[in-house]
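Accompanying notes for the structure given below.
The values are calculated or read from the model by the stated rules, or taken from the named source; none is laboratory data. A quick note: this is a predicted structure, and the numbers were derived from the prediction, not measured. Reconstructed Cβ throughout: ideal geometry from the backbone, glycine too, with neighbour counts over all protein chains shown. When the accessible area is computed, the model is the full protein with side chains, heavy atoms only, and any ligands, DNA or RNA have been set aside. Shrake-Rupley method; radii C 1.70, N 1.55, O 1.52, S 1.80 Å.
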Amino acid sequence: MTAELPAPHKRPAYEPAKRLLKPPRFDPGMKRPISTVAGVLLIVLRVLAGVVVLVSIATGWDAILSDPDSVLEGFDPTPEGKQAALWLVIGTGATVLLIDLALAFFVFRGYNWARVFVMFIAVLSISTSFTAWWAQGQEIEIQGTFLSLSIDILLLLALSSRSAAAYARRNERRPDTPA
């Protein structure tokens with residue numbers, strides 16, 4: 001005879017709102033959940049993808065400017081003006097990537113504001129991709145939008161999980177929680 005293992009505890013398909021809205025318990029010693037670690041790794045992956053995009057922009061800058069539809073407003077069409085525009089693009093992109101990397105650090109440390117801000121940016125990115133597809137007919141391709149869109153969706157799923165939220169809010173004392 002073989003002993004049957006007990007079935008794992010499963011969450012029901014429907015949960016009452018009261019249970020879903022119940023705040024997480026005060027637990028400063030809570031271990032970092034895998035969903036938070038996965039979210040941080042996805043942020044770092046997004047930063048690495050951004051570095052690849054900036055490098056491709058820098059190496060293909062002349063080809064980008066040779067396109068008849070590209071216009072450098074506010075810059076002289078001289079080589080110095082084109083170089084200044086490139087440095088502005090690279091500098092702005094690098095600043096955004098450094099902020100994203102700092103947010104990854106804060107999410108890893110368990111700051112709720114950073115987790116919420118990263119999720120907000122992911123929602124904006126997903127919404128922008130959808131709007132471009134819907135209104136402008138922009139294709140979602142593997143080489144372009146697909147990678148960033150999939151990273152943002154996975155990031156949103158990881159950081160919106162119950163365990164990631166509980167970890168980020170583990171230090172918050174509730175009025176009904178004993179000291």
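Need the failing condition index for SER125 against (1) among the polar types (S, T, N, Q); (2) surrounded by fewer than 11 Cβ atoms within 10 Å (Cβ to Cβ); (3) modelled with pLDDT of 85 or more, just the number.
Result: SER125 passes all but (2).
If the Cβ limit is 8 Å and pairs must be 6+ apart or interchain, which residue in the stretch 138-157 that is closer than 19 Å to ALA114 by Cβ and assigned to a helix (DSSP H, G or I) pairs with which residue that is at pLDDT 70 or above and of a type in the set (Lys, Arg)?
Cβ pairs passing all conditions: ILE151/ARG46; ASP152/ARG46; LEU155/ARG46.
Under 7 Å between Cβ atoms, which residue pairs at least 6 apart in sequence (or on different chains) link something in the stretch 77-90 that is under 18 Å from VAL53 (Cα atoms) with a partner that is among the small types (Gly, Ala, Ser) and modelled with pLDDT of 80 or more?
Matching pairs, first to second residue: LEU86/ALA58; ILE90/ALA58.
Looking at (1) open to solvent by 30 Å² or more (accessible area, probe 1.4 Å); (2) modelled with pLDDT of 85 or more, find the lone condition where GLY74 falls short.
Against the list (1) open to solvent by 30 Å² or more (accessible area, probe 1.4 Å); (2) modelled with pLDDT of 85 or more, GLY74 comes up short only on (2).
Among the residues of the stretch 128-176 satisfying the criterion of being of a type in the set (S, T, N, Q) and modelled with pLDDT under 80, which is nearest to the chain's Cα centre (by Cα)?
Looking at the filtered set, the residue picked out is THR145.
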